[in-house]
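These notes are about the structure you will find just below.
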Amino acid sequence: MTEEAAPKVRKPRARTGKKPPRGTLGIPPLSRRLTRPDDIAIVGAGPAGLAVALMLARQGRGVVVHERFDTPRPIGAGLMLQPTGLDVLDRLGLTAQIEAHGQHIDHIFGREARRGRVVLDVRYSDLKRPRQAVGIHRAALFAILFEACVEAGVGFETDREIVAADGGRLIDSTGGRSAPFSLVIDASGARSAISARMGGERTDLAWGALWTTVPWPGAPFDPAALQQVYLGASRMLGVLPCGVRPGETAPLATFFWSLKTEIWPEWHARGLDVWKEHCLRLWPELTPVMDAITDRERMTLASYGHQTIGRPVADRLAVIGDAAHSTSPQLGQGVNMGLLDAQALADALIRHRDLPTALSAYAAARRWHVRLYQALSLGFTPFYQADGRVLPWVRDHVLGKVARLPLAPRLLAATVSGLLLDPRPRDRR
């Protein structure tokens with residue numbers, strides 16, 4: 001995904017006992033917690049890693065996040081927080097900040113480029129209990145979670161790449177081994193070196209996407225909708241409203257364009273002008289978006305893979321988020337599934353004092369929801385990213401009609417919201 005400029009973060013320093021200064025979303029100085037044998041180590045400072053760090057720190061546990069970059073920072077452009085992910089942020093007390101920096105999304109709309117046929121029309125108002133999604137820039141989500149973690153006393157170890165975990169000990173890329181932790185949580189993403197050792201064959205997908213952030217283009221784009229245009233299943237263009245970056249007021253959009261990763265060098269060699277003309281032929285209203293893209297280096301290729309670990313726990317180890325179950329972004333569930341994992345793990349550690357029992361409870365709590373959405377993603381992705389004409393014809397002429405049958409709109413809305421096999425506690429549904 002596109003790597004955006006991150007809020008400046010100072011190098012970790014020794015804890016003084018004083019509470020770090022805060023700004024509205026300014027990042028306070030980092031504090032370093034000395035490792036104790038009963039600390040919990042979290043690998044990765046993405047949304048899932050920061051969320052579980054915050055939950056466990058608020059439970060009174062010693063938590064240290066290990067990050068391979070010299071300073072924790074967000075990677076990526078905009079994303080959608082679905083009702084499932086927002087429920088987790090509700091429990092953290094962060095939703096008001098999220099909504100202040102994001103953009104409510106009520107509609108996902110897609111049409112075929114040549115004939116203008118509507119092939120995707122999903123509204124969150126069709127849910128049994130309607131709740132809008134939120135489009136947000138990763139820099140804003142990161143800043144909100146990171147500031148809350150520092151305030152809660154989470155420690156950070158940076159500029160160290162962790163490649164394995166063994167009996168509670170972290171092993172870094174130089175071969176160095178840490179003191180034992182009571183628990184290691186791997187939240188290091190789809191290409192985790194830790195989870196790769198736990199089985200589950202990864203299948204690299206042929207299709208990826210170019211992403212970038214642009215100023216919000218205004219009319220005729222709907223600020224409450226994710227809008228997409230398809231050329232068969234070989235090209236997909238999208239515009240997602242994603243709110244504002246920390247400390248800024250200008251609204252933004254994330255633009256993405258799907259392509260086979262193998263043609264990335266060809267795209268890069270042709271230059272922007274040829275590509276822009278192609279995009280405008282498919283979607284003439286993109287003119288302000290294309291005008292804002294002046295440097296192809298600001299567009300970064302994201303490649304995807306499909307992998308699900310059969311059992312995301314081991315001795316003193318839990319795996320969450322994309323490290324446990326990576327897939328394509330077609331259903332928009334990635335960050336939300338990671339947040340659900342974080343909450344399920346934190347809840348299991350509260351309910352069960354015995355660590356092996358707690359880890360087994362976490363794995364059981366997430367098993368069927370993860371498997372369902374992995375299967376749905378694997379099944380639906382070829383209808384939107386594939387060669388040939390058969391699958392897009394089925395999508396446009398069969399699935400489009402099925403989507404208009406009674407109860408289908410509610411089912412579609414529940415699917416994209418992450419609410420099939422509703423993973424939330426019963427008292428929060």
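The residue of segment 197-218 that is nearest to residue 295 (Cα to Cα), among those that are at pLDDT 95 or above and open to solvent by 50 Å² or more (accessible area, probe 1.4 Å), is 215. Going through (1) open to solvent by less than 20 Å² (accessible area, probe 1.4 Å); (2) in a strand (DSSP E or B); (3) of a type outside the set (S, T, N, Q); (4) out of contact with any Pro (no Cβ under 6 Å at 6 or more places or on another chain) one by one, residue 253 falls short only on (4). Here the condition is being at positive phi, open to solvent by less than 10 Å² (accessible area, probe 1.4 Å) and among the small types (Gly, Ala, Ser); of 271, 321, it holds for 321 alone.
Cβ separations smaller than 8 Å between residues 6+ apart or across chains give the following pairs from segment 279-293 residues that are touching a residue at least 40 places away in the same chain (Cβ under 8 Å) to residues that are among the charged types (D, E, K, R) and not in a helix (DSSP H, G or I): 282/235. Residue 151 - would you say it is part of a helix (DSSP H, G or I), closer than 29 Å to residue 251 by Cβ and either open to solvent by 10 Å² or more (accessible area, probe 1.4 Å) or free of Cβ contacts under 8 Å to residues at least 60 places away in the same chain (or both)? Against the criterion (part of a helix (DSSP H, G or I), closer than 29 Å to residue 251 by Cβ and either open to solvent by 10 Å² or more (accessible area, probe 1.4 Å) or free of Cβ contacts under 8 Å to residues at least 60 places away in the same chain (or both)), residue 151 qualifies.
Taken together, the criteria place residue 395 among residues that are in a helix (DSSP H, G or I), closer than 18 Å to residue 117 by Cα and of a type in the set (Lys, Arg). Among the residues of segment 180-196, the ones that are open to solvent by 20 Å² or more (accessible area, probe 1.4 Å) and not small (Gly, Ala, Ser) come to 2 in all. Residue by residue through segment 400-419, note down the ones that are assigned to a helix (DSSP H, G or I) and within 19 Å of residue 106 (Cβ to Cβ). If the condition is that a residue be assigned to a helix (DSSP H, G or I) and within 19 Å of residue 106 (Cβ to Cβ), then 408, 409, 410, 411, 412, 413, 414, 415, 416, 417 are the ones that fit.
For residue 386, are the conditions met, namely being of a type in the set (Gly, Ala, Ser), open to solvent by less than 70 Å² (accessible area, probe 1.4 Å) and assigned to a helix (DSSP H, G or I)? No.
The values are calculated or read from the model by the stated rules, or taken from the named source; none is laboratory data. As the structure is a computational prediction, the values presented were derived from the model and not from experiment. Methodologically, a virtual Cβ is constructed for each residue, glycine included, from the backbone with ideal geometry; neighbour enumeration extends over all protein chains shown. We work out accessible area using only protein heavy atoms, side chains counted, and drop any ligands, DNA or RNA first. Shrake-Rupley method; radii C 1.70, N 1.55, O 1.52, S 1.80 Å.
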